[in-house]
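Read through the structure below, which is laid out as structure tokens, and then see the notes.
Just so it is clear, none of the values below were taken in a lab; they were calculated from the coordinates. If you're wondering where the values come from, they're calculated on a predicted model, not measured in any experiment. Methodologically, a virtual Cβ is constructed for each residue, glycine included, from the backbone with ideal geometry; neighbour enumeration extends over all protein chains shown.
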Amino acid sequence: MTGVQTCALPICVGSIQLRPVEREGKIEHVRMISLSLTLNHQVIDGAPGARFLRELVKAIESFKEPQHKE
């Protein structure tokens, strides 16, 4: 295996879709994307990849758009 093969971590992002979710007993439609991560299991197991995706999800969920100053 080459260094390039061991470091490749392709992340696939699906399209943004409105999906129904329950929040406090009410149904709301929220924007969602699907994420998937491909790892070479000869080099690393899935646990670090799962932790990475969990942190990525936290960062996306807590993202605040910058306020534009006029």
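State the Kirkwood hydrodynamic radius of segment 12-61 in Å, one decimal place, computed from all pairs of distinct Cα atoms.
After inverting the mean inverse Cα-Cα distance, the result is 12.9 Å.
For segment 32-45, in order, what is each residue's ³J(HN,Hα) by Karplus, 6.51 cos²θ - 1.76 cosθ + 1.60 with θ = phi - 60°, in whole Hz (x at glycine and Pro)?
Each residue's phi maps through the Karplus curve to give 9, 10, 9, 10, 9, 10, 10, 10, 8, 6, 6, 10, 8, 8 Hz.
For segment 54-66, just list the computed ³J(HN,Hα) in residue order, Karplus coefficients 6.51, -1.76 and 1.60, θ = phi - 60°, integers in Hz, with x standing in for Gly and Pro.
4, 5, 5, 4, 4, 5, 5, 5, 9, 5, 10, 5, x
Arranged from highest to lowest average of other beta-carbon atoms within 10 Å per residue, in what order do the peptides 23-29, 56-62 appear?
Packing order, densest peptide first, comes out as 56-62, 23-29.
Hey, rough spin-label estimate for Asn40 and Gln17, points 7 angstrom out along Cα→Cβ, what's it come to in nanometres?
Taking the simple label geometry, Asn40 and Gln17 are separated by 3.2 nm.
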